[in-house]
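Step one of this worksheet: look at the structure below.
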Amino acid sequence: MNRIDRNLADLGEAEVLYMDGDFRVLRPGAFVRCAVTGEAIPFDELKYWDVDRQEAYATPQAMLQRLGLDVKL
């Protein structure tokens, strides 16, 4: 971990507005939490979210689980 990584970790969890194909940071932070697993998701790894539920997901499997689909990818 370098000096910049430590400063980001100190910021904690961000508050985010999820939009179609994009998101807006409302409160700065280093990560968001997966709505299913509780895993911290750094912004550079954030790829999956639900606009209607305003939730982030760590993996496609977590998103499918949240939707009640038991699909193995």
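Only the coordinates and a few stated rules stand behind these numbers; no lab work does. Bear in mind the structure is a predicted one, so any value in this text is a computation, not a measurement. Cβ: placed from backbone, ideal geometry, glycine included. Neighbour counts: every protein chain shown.
Computed from phi, the 3J(HN,Hα) profile of the range 25-34 under the Karplus parametrisation 6.51, -1.76, 1.60 (θ = phi - 60°) reads 7, 8, 9, x, x, 9, 7, 10, 9, 5 Hz, with x in place of Gly and Pro. 3J(HN,Hα) along the range 36-53: 9, 9, x, 5, 6, 10, x, 4, 6, 10, 6, 10, 10, 7, 10, 5, 5, 8 Hz, from the Karplus curve 6.51 cos²θ - 1.76 cosθ + 1.60 with θ = phi - 60°, whole Hz, x for Gly and Pro.
Charging the Cβ of each Asp and Glu at -1 and of each Lys and Arg at +1, and nothing else, the dipole of the range 3-66 about its Cα centre rounds to 120 debye.
Close amide H partners of residue 31, meaning residues 5 or more places away or on another chain with modelled amide H under 5 Å apart, are 14. Would you mind getting me the FRET efficiency between residue 44 and residue 19? Use the beta-carbon distance for r and R0 = 30 Å, nearest 0.05. The calculated FRET efficiency here is 0.95. Between the amide H of residue 48 and those of 57, distances stay under 5 Å, these residues lying 5 or more places away or on another chain, with hydrogens modeled in the peptide plane.
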